[in-house]
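Trainee: Submitted below is the structure of interest, expressed as structure tokens.
The values are calculated or read from the model by the stated rules, or taken from the named source; none is laboratory data. The model shown is predicted, which means the values in this text are computed figures rather than measured ones. With ideal geometry, Cβ positions are generated from the backbone for all residues, glycine too; neighbour counts draw on all protein chains shown.
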Amino acid sequence: MEPGGVDSIQGLAPARIDQDTEKNAKERLEREKKLKKACADFESIFIYHMLKKMRSTVPKSALVNGMTGKDTYQMMMDQKVSEELSNKGGLGLQKMLSNQIKMGDKNSGSSTEPPRSKPQGI
């Protein structure tokens with residue numbers, strides 16, 4: 001058996017595969033963590049805009065209408081409520097978005113490029 005021969009190369013192959021697998025696993029976990037955060041943020045923004053729109057349908061009261069800073073306080077409160085709702089499970093939008101994006105990743109074979117539509121009529 002020669003140093004640097006076929007036997008020594010075969011001995012290194014499993015170690016190399018294990019390193020690649022571990023690196024891929026870490027990248028996948030990091031990508032899933034980022035995806036979860038992005039979906040949670042999206043759901044939080046969606047809930048905030050929903051609360052804002054719902055609040056705009058309530059008739060204005062003359063009793064508290066002239067209070068200074070009321071709009072700012074309501075905006076901050078809506079933001080916090082939407083963040084907390086999203087963190088506690090929210091409307092389920094976060095989970096649906098995450099699952100849909102993961103399915104798209106599996107179908108396209110790549111998580112970096114969005115799936116492309118096929119041209120019609122060709």
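Yes/no per residue for (1) closer than 17 Å to Leu85 by Cα; (2) within 9 Å of the chain's Cα centre (by Cα):
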residue	(1), (2)
Leu29	no, no
Leu35	no, yes
Ala38	yes, yes
Glu43	yes, no
His49	yes, no
Thr57	no, no
Thr68	no, no
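Trainee: Of everything in the stretch 43-58, what is modelled with pLDDT of 90 or more and part of a helix (DSSP H, G or I)? Give them in sequence order.
Mentor: Within the stretch 43-58, the first condition is being modelled with pLDDT of 90 or more, and the residues that meet it are 43-54, 57.
Once the filter is applied, which keeps residues that are modelled with pLDDT of 90 or more and part of a helix (DSSP H, G or I), the stretch 43-58 yields Glu43, Ser44, Ile45, Phe46, Ile47, Tyr48, His49, Met50, Leu51, Lys52, Lys53, Met54.
Trainee: Does at least one position in the stretch 68-82 carry a residue that is under 16 Å from Lys37 (Cβ atoms), part of a helix (DSSP H, G or I) and among the acidic types (Asp, Glu)?
Mentor: Step one: list which residues in the stretch 68-82 are under 16 Å from Lys37 (Cβ atoms), which gives 82.
Applying the additional criterion that residues be part of a helix (DSSP H, G or I) yields 82.
Checking the rest, the ones that are also among the acidic types (Asp, Glu) come to none.
Taking every residue of the stretch 68-82 in turn, none turns out to be under 16 Å from Lys37 (Cβ atoms), part of a helix (DSSP H, G or I) and among the acidic types (Asp, Glu).
Trainee: Which one of the conditions (1) over 26 Å from Gln100 (Cα atoms); (2) part of a helix (DSSP H, G or I) does Lys36 fail to meet, given that it meets all the rest?
Mentor: So Lys36 meets the others, but not (1).
Trainee: I'm checking my understanding of the structure. Among residues of the stretch 81-106 that are modelled with pLDDT under 85 and at positive phi, which one is surrounded by the most Cβ atoms within 10 Å (Cβ to Cβ)?
Mentor: Here the answer is Gly90.
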